[in-house]
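I have placed the structure first, in the form of structure tokens, so that the comments after it can refer back to it.
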Amino acid sequence: MKEELFVSGRNIPNIDPYLNIWHWQIPIYLFLGGLAAGILFLAGVYTILGKEKQMQATVKWAPFIVPFALIIGLFMLFLDLKHKLYFWQLYTTIRLESPMGWGAWVLMIMTPISIIWSASYIREVFPNWDWKFKFLKTFELWVIKNRYYIAWPMAIYAVILGIYTGILLSAFNARPLWNTTILGPLFLVSGMSTGAACIILMSKNHEERKLIGRLDLLFISVELFFIVHMIMGFLAGSEVQIQAANLFLGGQFTAPFFVFVIALGLLLPALLETLELIGYKVPIVIPAILVLLGGLIFRFIMVEAGQITRYLY
Amino acid sequence: MRYAMAIDTRKCVGCSDCVVACQTENNVPIGFCRDWVTETVDGTYPNVSIELRSERCNHCDNSPCVRCCPTGASHIEDGGIVLVTPHKCIGCGACIQACPYEARYSHPDGYVDKCTFCIHRVRKGEDPACVAVCPTKCMYFGDLEDPNSEIVNVLKNRKFKALAPEAGTKPQIFYLT
């Protein structure tokens, strides 16, 4: 028997039983970041492929959500800060070693790109829109002419943003559940999947929905593979990682993880999308909403569970 | 210069004087602490062994908290002491997540706070408050690069361990076993 007891000031409510410093803001921030990355990546790729006409929702309408998602996401990050008045120092320092630091910079670059992208399409939504100033009109013309060249960095930055949402967690060696390199690609592909779901919800074109639905099916499959891969990696790892995996395999997060993330968030939408591909009539809204909710809950569970895992000594 | 601490787990009686001394010396807000004592019981009665450890920030050589700080508020001072500059800290909590020893906490004023090795006392040539107050004299504070210091001597002659060395942080608090 080995038992550890705290005998002094450490058994106090503000610190013990474990340091839970990140609350609901961080999972929402990660979710919105992933969603934005997914939408912008697909918008960029289909612009590069020259399919703006066939993929209207992907290239034009869904990106309108992105500036809002990113600004709300940054606001969530701001809400998470405990020393709020000093937040501006995030942008007076460049520290490449700090994922929090370069992530804030990536968002700072992504937000204006997404605003410019959406603004260049605003006259297709509101034909009578007037930019008031001449330089804005000239700028709009320039953006419309150079969309192809904006799409490239946008798609690349979207991948960086999506991976960043995972690396923000995986960079912490002290939290064994997060400390796996697969978390970056996992969060990226999960973000792509939520982005695709969002496009499906906004699209009115049957062909587009079908194509994005197929892509979503691919993302879901890869995501499931990465999750299995992650858990296998933990089980083959050190004691702290085995304990981290056990949070999902019999531990306190087993039920929410398997019910909300695996079953309702991945398997059921995958099944419904497959049924639709075979030819059954399935309201595509259902898998899309399930994917979005599953993605959100997945991030809540990962952030919450990760903060429980720790080194043993 | 490389400041470090050696703590004799065989002399420590777990009185928590170090905790109280630190809280008083550094005005640690009520409900928080920068150091704490753990008691690990091994075995079943009557065959038990107990290890008492006064724990705090390990002032790691390879500090993950300093690496992940987005503003540079967490930094390494002369002598390897890891410090937080309150007016640079935005309170993002990354360093709290990064620390395998859970040595950091969010101060009610917003910034992150932790053990400073009582740098204000060390600069005057005094020992940190916890070391100075220990009734069993189980703690040794000093410069690892000074061959004549008491800590170098004690680490030469005793068996010791560090906490979670597998975390790769190169901790600088040594526990004499």
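Just so it is clear, none of the values below were taken in a lab; they were calculated from the coordinates. The model shown is predicted, which means the values in this text are computed figures rather than measured ones. No Cβ is skipped: glycine too gets one built from the backbone with ideal geometry, and neighbour counts run over all protein chains shown.
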What ³J(HN,Hα) values, in whole Hz, does the Karplus curve 6.51 cos²θ - 1.76 cosθ + 1.60 give for segment A:221-230 when θ = phi - 60°, with x put for Gly and Pro? 4, 4, 4, 4, 4, 5, 5, 4, 4, 4
Taking amide H atoms as placed 1.01 Å from N in the peptide plane, list the residues 5 or more away in sequence, or in a different chain, whose amide H sits under 5 Å from that of B:PHE174. B:MET5, B:ALA6, B:ILE7
J(HN,Hα) series, segment A:82-98, from Karplus relation 6.51 cos²θ - 1.76 cosθ + 1.60, nearest Hz, glycine and proline x: 8, 10, 4, 5, 9, 4, 4, 5, 4, 9, 10, 10, 10, 10, 5, 6, 9
Mind giving me the nanometre distance, one decimal, between the label points for B:VAL13 and A:VAL228, set 7 Å out from Cα along Cα→Cβ? 6.0 nm
With a sphere of radius 12 Å drawn around the Cβ of A:ILE220, what net charge do the other residues whose Cβ falls strictly inside it have (Lys, Arg +1; Asp, Glu -1)? -2
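Assigning unit charges at the beta carbon (Lys, Arg +1; Asp, Glu -1) and nothing else, what dipole magnitude in debye, to the nearest 20, does segment A:25-306 show about its Cα centre?
800 debye
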Sequence-distant lysines (8 or more away, or on other chains) whose Cα lies within less than 25 Å of A:LYS281: A:LYS204, A:LYS210
Most to least packed among A:150-158, A:88-96 [average Cβ atoms within 10 Å]: A:150-158, A:88-96
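Rounded to the nearest 0.05, what FRET efficiency is calculated for A:LYS84 and A:ILE278 with R0 set to 41 Å and r the Cβ-Cβ distance?
0.20
Starting from 0.36 nm per residue, how many nanometres of slack lie between B:LYS124 and B:ASP61 once their C-alpha separation is accounted for?
Contour length minus Cα-Cα distance gives 20.4 nm.
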Tell me which residues come under 5 Å, amide H to amide H, from B:SER74 once H is placed; ignore anything under 5 positions away on its chain. B:THR85
Under the Kirkwood approximation applied to all pairs of distinct alpha-carbon atoms, what is the hydrodynamic radius of chain A in Å? 20.8 Å
Hey, got the dipole for segment A:155-279? About the Cα centre, +1 on K and R Cβ, -1 on D and E Cβ, debye to the nearest 20? 120 debye
Restricting to aspartates and glutamates and to Cα separations under 18 Å from A:LYS53, and discarding same-chain partners fewer than 8 apart, the set is A:GLU124, A:GLU207, A:GLU208
Over chain A, the sum of -39500 (n - 2.57) across DSSP H runs of at least four, divided by residue number and rounded to 500 deg cm²/dmol, gives at 222 nm -21000 deg cm²/dmol
What list of ³J(HN,Hα) values in whole Hz, one per residue of segment A:46-53 in order, does the Karplus curve 6.51 cos²θ - 1.76 cosθ + 1.60 (θ = phi - 60°) give from phi, with Gly and Pro shown as x? 6, 6, 4, 6, x, 10, 4, 5
Place a point 7 Å from the Cα of B:THR136 in the direction of its beta carbon; the residues of segment B:44-87 whose amide N falls under 17 Å from it are B:48-56
Highest-MSF residue in chain A out of A:TYR164, A:TYR280, A:TYR149 [GNM, Cα springs under 10 Å]: A:TYR280
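Give, as a single signed number, the net charge of other residues whose beta carbon lies under 10 Å from the beta carbon of B:CYS68, with Lys and Arg counted +1 and Asp and Glu -1. Write out the running numbers ahead of the final one.
Values: positive: A:ARG95, B:ARG67; negative: A:GLU97.
So the surrounding residues net to +1.
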Exceeding the 18 Å Cα-Cα cut-off - candidates B:LYS114/B:LYS156; B:LYS114/B:LYS161; A:LYS60/A:LYS134; A:LYS82/B:LYS114: B:LYS114/B:LYS156; B:LYS114/B:LYS161; A:LYS60/A:LYS134
For A:LYS137, give me every one of the lysines with a C-alpha distance below 17 angstrom, ignoring sequence neighbours fewer than eight places off in its own chain. A:LYS145
Simple label model, 7 Å out from Cα along Cβ direction - A:GLN54 to B:ASN27, nm: 6.8 nm
Average beta carbon contacts from partner chains per residue of A:173-185, 10 Å cutoff: 3
Rounded to 0.05, the calculated FRET efficiency for the beta carbons of B:ILE50 and A:ASN128 at R₀ = 56 Å is 0.10
So, with +1 on the Cβ of K and R and -1 on the Cβ of D and E, and no other charges, what is the size of the charge dipole of segment A:208-313 about its Cα centre, to the nearest 20 debye? 120 debye
Taking amide H positions as placed in the peptide plane 1.01 Å from N, state which residues far from B:TYR105 in sequence (5 or more) or on other chains have amide H under 5 Å from it. B:ASP113
